[in-house]
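*Asks:* Next up is a structure, given as C-alpha cells.
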Amino acid sequence: MTLFPVLAQAASFGEKLVDPAFALNYLINALVLGALYALLAMGLVIVFKATQVLNFAHGAISAMGAWFTYLFALKLNVPGRFFADDHWLNVAADGYWSGKVVSWLVSVAVALLAAALLGYVLERLFVEPMVGEPIFAVAIITLGIDVALRTVFDDLVGPASKQVGDPWGFGLWKIPVGDKTVFLPYTEPTIVVIALVAAFLLWRFFRSRMGVAMRATSFDQEAAMAMGIPVRRIFGVAWMIGAALAALAGSLYATGPRAIGVGTALPFVVFRAFPVIIIGGLDSIVGAAVAGFLVAGVQQFVAMYISNLSSVMGSGFPELVPYVLMMVMLLFKPYGLFGTPEVRRV
C-alpha cells in the first residue's frame with residue numbers, strides 16, 4: 001500500500017530538483033546543518049586526537065556553552081552594559097553589520113572563554129587523575145561528567161527554552177532565482193563562514209609547535225613524555241579547545257529564526273555528530289569537516305524527499321540517516337574517509 005505514494009513522491013521530487021530555487025534552498029539547508037555538524041565533530045576529534053578518549057560529555061558542554069551565550073548576551077549584556085553610549089561600536093545604521101551584531105559576537109567570545117575554562121576544570125578534576133588508566137575507564141568518567149552537567153544545565157535553563165539573543169533577528173537577503181525568490185536569513189551564511197574559519201584555524205594549529213606536540217602525544221604518550229613534551233598540559237589545551245568548539249556549535253545551533261533556542265533537548269544534538277567522526281575518521285580534523293557537510297547533505301536530501309510522506313514514513317526518519325551512513329562506512333572502511341589505519345601485531 002505504501003509503494004505507490006513513494007513512487008509518486010519520487011517523480012514529484014525529481015521535478016523539484018530541476019527547479020533552481022528548490023535546489024538552492026536545499027543547498028543552503030545542507031550547508032548550515034553541515035557547518036554545525038562539523039563544529040561538533042571537530043571538537044570531539046581534537047580531544048580524541050590528544051587523549052585517545054571519546055568525550056561523551058561533549059553534548060553537555062555544548063549546551064552549557066549555549067547557556068553561557070544566553071547569560072552574557074541577554075542576562076548580563078556583556079559588553080554593551082559597560083558603555084553609556086548606545087552607538088559606541090556602530091558599523092552601520094542597520095543591516096547585516098551593526099553595533100548590536102558586534103556586541104553579540106563579543107558576548108559569544110566571552111561565552112567561549114567560559115566554556116574553555118569549564119573544559120579545563122573538568123579535565124583537571126576528573127580526567128587528569130585517570131592518566132595511565134584504561135581508556136574504557138576514562139570514557140566512563142566522561143559519561144559521568146555528562147550526566148552531572150546535564151543535571152546542572154536542566155536546573156539552570158528550567159522548563160522553558162531560552163533564546164541567545166540573535167542580533168540579526170529575522171533580517172534576510174532576497175535572492176532572485178528565475179521567477180522565484182529565495183530568502184536567506186543573515187544568520188545562516190554566518191554559521192557556515194564561522195565553521196570554515198574554525199576548520200582553517202584548527203588546520204593551522206596542528207602545524208604549530210603545540211599542535212605538533214599534541215599529535216605526538218596522541219601517537220605515543222610515553223614517548224612524548226620522554227621527549228620532554230608536557231603531556232598533561234596538552235590534555236588541558238585539547239579539552240579547552242574542544243569545549244570552546246562545542247560551545248560555539250551549541251550557541252549557533254540555538255541562534256536564528258529556525259533554531260529551537262537553549263532547551264533541555266540541546267545536549268542530545270551532539271549524538272548526531274558521533275556518526276560524523278566515524279565517517280570522517282576519529283583522528284582527522286579534515287575528515288570531521290568533510291563528513292559533517294557530507295552527512296548533512298544526505299540527511300537534508302532525505303528530509304526534503306520524504307517531506308510529503310510523513311503519514312507513510314513518519315517525521316523522524318531523516319534523523320536516522322547519519323547512523324545508517326555510519327554503519328555502511330564501518331562495514332566497508334572502518335577507519336573512515338580520512339582516518340589513520342592502525343595495525344597491531346597479535
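The values are calculated or read from the model by the stated rules, or taken from the named source; none is laboratory data. Because the structure is predicted, anything quoted here is derived from the model rather than measured. Neighbour counts run over all protein chains shown; Cβ positions are idealised from the backbone, glycine included. The area values use the complete protein model at the heavy-atom level, side chains included, leaving out ligands, DNA and RNA. Shrake-Rupley method; radii C 1.70, N 1.55, O 1.52, S 1.80 Å.
*Asks:* What are the lysines whose alpha-carbon lies under 22 Å from the alpha-carbon of Lys75, with same-chain residues fewer than 8 places away excluded?
*Replies:* Lys100, Lys162
*Asks:* Between beta-carbons, use under 13 Å as the cut-off and find the net charge around Ile140, counting Lys and Arg +1, Asp and Glu -1. Can you show the working numbers first?
*Replies:* On the way: positive: none; negative: Glu133, Asp146.
With Lys, Arg at +1 and Asp, Glu at -1, the net is -2.
*Asks:* Using 18 Å as the cut-off for backbone N distance, which residues of the stretch 55-76 belong to the label zone defined by a point 7 Å from the Cα of Ile140 along Cα→Cβ?
*Replies:* Correct set: 55-57.
*Asks:* Let me make sure I get this right: for the stretch 219-277, a, b and c are the square roots of the gyration tensor eigenvalues over alpha carbons, sorted descending. Under 1.5 in a/c it's rounded, otherwise prolate if a/b > b/c, else oblate. Which is it?
*Replies:* Working: a/c = 4.32, a/b = 2.82, b/c = 1.53.
Note, shape of the stretch 219-277 comes out prolate.
*Asks:* Counting only residues 5 or more places away or on other chains, whose amide H sits under 5 Å from the amide H of Val177 once H atoms are built in the peptide plane?
*Replies:* Here Val182 satisfy the definition.
*Asks:* A further question follows. Alpha carbon centre of the stretch 104-168 versus the stretch 27-61: separation in Å?
*Replies:* Here the answer is 14 Å between Cα centres.
*Asks:* Pop out the carbon and sulfur fraction of the accessible area of the stretch 114-267 as a percent, whole number, probe 1.4 Å. All intermediate terms of the calculation are to be shown ahead of the outcome.
*Replies:* Numbers: 5260 of 7840 Å².
Here carbon and sulfur together make up 67 percent of the probe-accessible area.
*Asks:* Considering amide H positions built from the backbone, and no H for Pro or chain starts, which residues 5 or more places from Leu172, or on another chain, come under 5 Å of its amide H?
*Replies:* The answer is Tyr186.
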